[in-house]
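Take a look at this one; I'll ask things after.
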Protein chains: 2
Amino acid sequence: MPLLSAFDVEPMIDGRQSPAAMKVRRGVARLLRDLGAAVVPEVTLSSGRRADLVALNGRGEIWIVEIKSSLADFRADTKWPHYRTACDRLFFASLPEVGDIFPVEVGLIMTDGYAAEIVREAPLDRLATAARRALTLRIAQTAARRLHELEDPSPRLSVPL
Amino acid sequence: MPLLSAFDVEPMIDGRQSPAAMKVRRGVARLLRDLGAAVVPEVTLSSGRRADLVALNGRGEIWIVEIKSSLADFRADTKWPHYRTACDRLFFASLPEVGDIFPVEVGLIMTDGYAAEIVREAPLDRLATAARRALTLRIAQTAARRLHELEDPSPRLSVPL
């Protein structure tokens with residue numbers, strides 16, 4: 001992990017994301033926006049783990065999208081089963097050149113950075129009410145704080161939100 | 001209401017806010033941030049009315065702050081009782097020079113645009129569970145969509161979020 005700026009006005013991009021990962025993120029976020037969901041990148045879950053992209057649709061359903069920009073990137077990830085239990089639906093997202101190397105029990109989105117497509121639907125495994133309430137609150141606070149930092153940066157902020 | 005740009009990259013400022021109101025908003029938002037709440041300006045409620053500032057604290061409590069930058073501004077407002085029922089606590093916020101012209105059954109925050117102070121606590125009148133869930137979701141979606149628009153503007157967006 002690279003050193004993070006102590007005062008980061010672009011908290012959604014903090015150096016952990018490769019250009020390929022950012023391309024995937026952009027394409028997936030556009031698709032989810034077109035589907036009517038609101039998306040927030042880099043959301044820290046109650047476990048302390050960070051989800052690459054979280055989407056919240058109009059019915060309050062919460063999706064996590066984990067971005068894998070290469071086979072090595074996927075193989076290095078041993079924590080994805082955790083994300084399955086942390087949302088209603090879990091997707092991997094990748095680039096067409098990576099191919100479908102992903103477990104069939106998780107949804108899959110492919111994108112070239114512009115257009116994106118749901119290649120495999122994710123099974124619905126609904127969060128319990130308390131967990132959904134806590135995660136929705138966390139998503140709201142993460143997005144609101146970043147927006148506020150952009151509008152009126154806090155002099156005391158020492159870690160990215 | 002002024003004409004709004006069809007493509008507004010600064011959706012939190014849309015021409016309805018006077019410089020005095022923006023000063024109040026900034027000071028109040030800083031105070032609420034210091035208190036650990038996340039704030040979102042200009043949130044459209046399920047009624048279609050827009051709250052000047054909405055704050056969401058770590059316990060999920062939702063406050064609405066209505067900004068009144070002058071006596072005339074307050075007198076012109078007949079809809080504030082509506083906001084009381086739309087959140088857990090309602091505050092007015094104003095400038096010291098306006099003075100305490102506000103109803104005692106609502107909280108009051110005074111600010112010079114930099115520092116701010118809660119002059120009168122607002123009574124707690126808790127939202128019902130379904131209303132809280134819906135408003136928390138709305139706050140999350142509003143903030144997330146604005147953030148996404150800033151990062152990657154949507155070519156199809158025709159109204160400010």
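For the stretch A:31-46, enumerate the residues that are facing another protein chain (nearest Cβ under 7 Å) and open to solvent by 30 Å² or more (accessible area, probe 1.4 Å).
Matches in the stretch A:31-46: A:Arg33 only.
Right, something else. Scan the stretch A:98-109 and report the pairs whose first residue is in contact (Cβ under 8 Å) with a residue 12 or more places away in the chain and under 15 Å from A:Pro81 (Cα atoms) and whose second residue is open to solvent by 30 Å² or more (accessible area, probe 1.4 Å) and part of a loop (DSSP other than H, G, I, E, B), with Cβ atoms within less than 7 Å and a gap of 6+ or a chain change.
Sorted first by the residue in the stretch A:98-109, then by its partner, the pairs are A:Glu105/A:Pro123; A:Gly107/A:Glu121; A:Leu108/A:Asp100.
With a cut-off of at least 1 residues that are open to solvent by 20 Å² or more (accessible area, probe 1.4 Å), more than 9 Å from chain A (Cβ to nearest Cβ) and under 30 Å from A:Pro41 (Cβ atoms), name the strands (runs of 3 or more DSSP E) lying wholly within the stretch B:50-161.
Answer list for the stretch B:50-161: B:50-56, B:62-67.
To continue, here is another question. Which is modelled with pLDDT of 95 or more, surrounded by 13 or more Cβ atoms within 10 Å (Cβ to Cβ), of a type in the set (A, V, I, L, M, F, W, C) and within 22 Å of B:Trp80 (Cβ to Cβ), of B:Met22, B:Met12?
B:Met22
Condition first: among the polar types (S, T, N, Q) and either part of a strand (DSSP E or B) or touching a His at 6+ places or on another chain (Cβ under 7 Å) (or both). Now tell me which residues in the stretch A:22-46 satisfy that.
Once the filter is applied, which keeps residues that are among the polar types (S, T, N, Q) and either part of a strand (DSSP E or B) or touching a His at 6+ places or on another chain (Cβ under 7 Å) (or both), the stretch A:22-46 yields only A:Thr44.
Taking the condition of being in contact with a Leu (Cβ under 9 Å, 6 or more places away or on another chain) and of a type outside the set (D, E, K, R), how many residues in the stretch B:89-133 meet it?
Matching residues across the stretch B:89-133 total 21.
The values are calculated or read from the model by the stated rules, or taken from the named source; none is laboratory data. Worth saying up front: this structure is predicted, and the values here are computed from it rather than measured. In this analysis, Cβ positions are derived from the backbone assuming ideal geometry, glycine residues included, and neighbour counts consider all displayed protein chains. Ligands, DNA and RNA are excluded from the accessible area calculation, which covers all protein heavy atoms including side chains. Shrake-Rupley method; radii C 1.70, N 1.55, O 1.52, S 1.80 Å.
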